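Visitor: Take a look at this one; I'll ask things after.
What follows draws every value from the coordinates through simple rules; no lab data is involved. Keep in mind the model is a prediction, meaning the values are calculated, not measured. A quick note on method: Cβ atoms are made from the backbone with ideal geometry, for glycine too, and the neighbour counts reach across all protein chains shown.
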Ligand SMILES: C[S@@+](CC[C@H](N)C(=O)[O-])C[C@H]1O[C@@H](n2cnc3c(N)ncnc32)[C@H](O)[C@@H]1O
């Protein structure tokens, strides 16, 4: 299995029992350190890389990404999915989970922009503000877009917070 944008390991921990081998990638050395500390096992192979410039050295049966797709800039959408394709072995599968556009899911002092917006402001505890990409994908639209790129996906959402998809 390959986990893209693994972050602190919330999902890495869940994937590990299901994987014969697990590779977790993130661009941030701090995230990878937190992930390592959480998992505390040599069973996970870690890669630090920028997903927009990385190419896989091998193929995987499963590619997973949690709360990453919404941060892929719209103009990089197709290239990202091409990367996912290049990560997969024949018959390989993809699973992702991400956030729905839900006002109560964001910090109390943050304002959620309109669903169609692709950029929002994140304010840190020290007051600094950053503009980040955050694309809220509609399941029906996303399924069709992926079909157009050659993917077969089933995408569902939970009552409030999550959208998740599995495909090949
Ligand atoms: C919203 S977090 C999700 C982390 C984790 N998947 C989770 O659900 O807890 C996004 C992650 O993407 C990583 N990231 C951001 N830009 C990246 C890039 N260009 N290449 C690789 N990782 C990147 C960040 O370091 C962060 O760990």
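Visitor: So what is the orientation-averaged projected area of the chain, using the convex hull of its C-alpha atoms, in nm²? Display every interim value, and only then the final one.
Guide: Working: hull surface 41.3 nm².
With every direction weighted equally, the projected area is 10.3 nm².
Visitor: Calculate the translational D of the stretch 1-78 in whole µm² s⁻¹ from Stokes-Einstein, where the hydrodynamic radius comes from the Kirkwood formula applied to all Cα pairs, the temperature is 37 °C and the viscosity 0.692 mPa s.
Guide: Working: Rh = 12.8 Å.
Estimated via Stokes-Einstein, D reaches 257 µm²/s.
Visitor: Write down the percent of antiparallel bridges among all DSSP beta bridges whose residues are both part of the chain, to the nearest 5.
Guide: Values: 16 of 32 bridges.
Expressed as a percentage, antiparallel bridges in the chain total about 50.
Visitor: Taking a virtual spin label 7 Å from the Cα of residue 50 along the C-beta vector, which residues in the stretch 1-44 bring their backbone nitrogen under 15 Å of it?
Guide: 26-29
Visitor: Ok, one more. Can you pull the Kirkwood radius for the stretch 55-122, inverse mean 1/r over Cα pairs, to one decimal in Å?
Guide: Working: mean 1/r = 0.0712 Å⁻¹.
14.0 Å is the Kirkwood radius here.
Visitor: Whole angstrom only: what separates the Cα centroid of the stretch 12-62 from the Cα centroid of the stretch 97-168?
Guide: Answer, in whole Å: 23.
Visitor: What is the log10 of I(q)/I(0) for the stretch 84-124, computed with the Debye formula using one identical point scatterer on each Cα and no solvent, at q = 0.27, 0.34 Å⁻¹?
Guide: -0.99, -1.31
Visitor: Once the piece of chain linking residue 29 and residue 154 is laid out straight, how much longer is it, given 0.36 nm per residue of separation minus the C-alpha distance between them? Could the numbers behind the result be given before it?
Guide: On the way: separation 125, 0.36 × 125 = 45.00 nm, distance 3.30 nm.
Length gained between residue 29 and residue 154: 41.7 nm.
Visitor: Another question about this same structure. Only Cα pairs under 8 Å and at least 6 apart count here; give the relative contact order of the chain as a rounded whole percent. Don't jump to the answer; show the numbers that get you there.
Guide: Values: 289 pairs, mean separation 32.3, N = 168.
19 percent.
Visitor: In the P(r) worked out for the stretch 102-147, what percent of Cα pairs fall beyond 18 Å? Walk me through the intermediate numbers first.
Guide: Numbers: 406 of 1035 pairs.
Here the long-distance tail beyond 18 Å is 39 percent of all Cα pairs in the stretch 102-147.
Visitor: How far is it, in nm, from the label point at residue 61 to the one at residue 20 when both lie 7 Å from their Cα along the line to the Cβ?
Guide: 0.5 nm
Visitor: Quick check on the chain: helices-only [θ] at 222 nm, where DSSP H runs of length 4 and up contribute -39,500 (n - 2.57) each and the sum goes over total residues. Nearest 500, please. Mind showing how you got there, number by number?
Guide: Working: 4 runs with 38 residues, N = 168.
Helix contribution divided over all residues of the chain: -6500 deg cm²/dmol.
Visitor: Suppose we take every Cα in the stretch 77-168 and form the convex hull; what volume per residue is that in Å³? Could the numbers behind the result be given before it?
Guide: Working: hull volume 10.6 nm³, N = 92.
In the stretch 77-168, the Cα convex hull volume per residue is 115 Å³.
Visitor: Given a Förster radius of 22 Å and the C-beta distance between residue 37 and residue 124 as r, what FRET efficiency does 1/(1 + (r/R0)^6) yield to the nearest 0.05? Write out the running numbers ahead of the final one.
Guide: On the way: r = 22 Å, r/R0 = 0.99.
Between residue 37 and residue 124 the formula returns 0.50.
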